[in-house]
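Engineer: Below: one structure in structure tokens.
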Amino acid sequence: MKKYELFSVGRSVGLFLLALGIVFSLAAAPVMAEEHNGDVDGVSACPDWAIRHWDKIIFMIVNKEVAEYFGLPYRSELDIKVLDDPESVADIKRKVWDFLTGDPDSTPPADFRKFIRIIDVDYAISGCWGWGGWTAPPA
């Protein structure tokens with residue numbers, strides 16, 4: 001037998017075994033994920049302390065003076081992403097106001113709710129803060 005023929009057979013067997021290993025790994029992955037419910041040996045991919053929930057709020061400023069004050073377009077759809085506590089009821093207009101002012105401790109005008117129209121809370125996402133490299137919500 002020639003040297004290159006033996007190498008060719010060995011390479012074919014090696015590629016076959018590699019392909020077989022990949023097939024078995026892919027077949028076992030859903031079973032493993034189902035058995036562990038996303039955890040591997042009791043260790044979550046993201047620990048509870050690192051989970052953060054973000055809301056995307058789509059809104060419009062319907063008062064021309066307020067829009068000018070914040071330097072934002074009047075009666076245009078705008079969106080922000082803010083942290084949310086999934087275990088409490090959120091005051092969405094107050095979240096928008098706090099975002100615009102940059103000061104959640106400020107006292108807004110009594111009629112600030114008239115200035116903001118909520119169009120939609122598009123989605124809520126959770127990220128793994130400080131675990132796996134996330135430092136901000138995705139755009």
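The values are calculated or read from the model by the stated rules, or taken from the named source; none is laboratory data. All values derive from a computational prediction rather than experimental measurement. Cβ sites come from the backbone with ideal geometry, for glycine too, and all protein chains shown count toward neighbours.
Engineer: Among the residues of region 114-135 satisfying the criterion of being at pLDDT 90 or above and among the β-branched types (Val, Ile, Thr), which is surrounded by the fewest Cβ atoms within 10 Å (Cβ to Cβ)? It would help to see each step written out before you state the result.
Structural biologist: So in region 114-135, the residues at pLDDT 90 or above come out as 114-121.
With the extra rule that they be among the β-branched types (Val, Ile, Thr), the set shrinks to 116, 118-119, 121.
Numbers: Ile116: 22, Ile118: 14, Ile119: 12, Val121: 17.
Among those residues, the one meeting the criterion is Ile119.
Engineer: Is at least one residue of region 106-113 loosely packed, with under 10 Cβ neighbours inside 10 Å, modelled with pLDDT of 90 or more, out of contact with any Gly (no Cβ under 8 Å at 6 or more places or on another chain) and among the hydrophobic types (A, V, I, L, M, F, W, C)?
Structural biologist: Taking every residue of region 106-113 in turn, at least one turns out to be loosely packed, with under 10 Cβ neighbours inside 10 Å, modelled with pLDDT of 90 or more, out of contact with any Gly (no Cβ under 8 Å at 6 or more places or on another chain) and among the hydrophobic types (A, V, I, L, M, F, W, C).
Engineer: Next question, about the same structure. So how many residues does region 49-78 have that are part of a strand (DSSP E or B) and not acidic (Asp, Glu)?
Structural biologist: Of the residues in that region, 11 qualify.
Engineer: While we're looking at this one, here's another question. Please determine whether any residue of region 38-52 is modelled with pLDDT of 90 or more, under 19 Å from the mean Cα position of the chain (by Cα) and closer than 20 Å to Ser126 by Cα.
Structural biologist: no
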